[in-house]
């Protein structure tokens, strides 16, 4: 390919335009939807402020959106809570994962002009399960042992833990709403660890995530099971329902349940299997399930 002076001038023009597009030329809105386990973002370019003229500049506007989406979206993803003490940014800073690996699973949608053609927007989304899948390190599922003194326990089809109200936070003189994360743990009120990510089958964990989040209306439907179909698919029609007693963690993501409820789970081989298969739903306050990403 012959590189002409005209080609060089066009290339330099594109670079100068790209460098001149600052934050004031673009607006980004991000949303973390833990109910749908999805992060989405809309990136909008102010065409007039960026000095672009249509229709000739349409391809340039599209290129600018594509060229800047990664640097604008990445900081929002880094704030996602991996567990009660760690964000994705913490994992990146420790060298455990690359931010590029998250961006590689993001889906983009074709840019569109506003009705008055003053702006162009592009949408992007990524499944939180796809992010979590890259953080799964174990290959062997950690065995969940029965208690030394088992108690009589019915077999259930799943586990629902209700934590949608302000609850006391262990080790603090305060209460809080439980917050979602990719890998919450479950504790009993004697602070025994009942469940964490290594206790779930790694392949299933990558596919469906550690737990499913929902709000209370989805477990109080006017149907015989009282459950929404999306919940039934995860925990069946006869789940064990547990009211959490408190929360644990630097960020309060982990429910604390009564020891008797914990024994009901651990005393039955069937119920222990529910943990390793991730047949668990956390009921959170609706206000925390949809978070504006910053």
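Most exposed first by the Cβ proxy, i.e. fewest other Cβ within 10 Å, how do 211, 283 rank?
Values: 211 23, 283 28.
If I rank by nearby Cβ atoms, fewest first, I get 211, 283.
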So what's the angle, to the nearest 10 degrees on a 0 to 90 scale, between helix 5-20 and the longest Cα principal axis of the chain?
50 degrees
To the nearest 10 degrees, how steep is helix 58-78 against the longest Cα principal axis of the chain, on a 0 to 90 scale?
30 degrees
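Antiparallel versus total DSSP beta bridges in the chain: what percent is that, nearest 5? List each step's numbers first, then the result.
Working: 34 of 48 bridges.
Of the beta bridges lying entirely in the chain, close to 70 percent run antiparallel.
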Put a dot 7 Å past each Cα toward the Cβ at residue 49 and residue 260; how far apart are the dots in nm?
6.0 nm
Looking only at 47, 194, 126, which one moves most when the chain is put into a Gaussian network model with springs between Cα atoms under 10 Å?
47
Protection proxy (average C-beta count within 10 Å per residue), highest first, orders 107-119, 213-225 as 213-225, 107-119
Between the range 198-232 and the range 64-118, what is the C-alpha centre distance in whole Å?
26 Å
Matching label, Cα extents along the principal axes in Å computed from the structure shown, candidates (i) 74, 45, 39; (ii) 52, 45, 39; (iii) 83, 42, 38
(iii)
Within the chain, helix-based [θ] at 222 nm, where runs of 4 or more DSSP H residues each add -39,500 (n - 2.57), nearest 500
-8500 deg cm²/dmol
Under the Kirkwood approximation for Rh and a Cα-based Rg, what ratio Rg/Rh is obtained for the range 22-133?
1.03
Exposure-ranked with fewest Cβ neighbours within 10 Å first, 195, 39, 248 stand as 248, 39, 195
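Where a number appears in this text, it was derived from the coordinates with a stated rule and is not lab data. This is a predicted model, so every value here is computed, not measured. Every residue, glycine among them, receives a Cβ derived from its backbone with ideal geometry; neighbour counts consider all protein chains shown.
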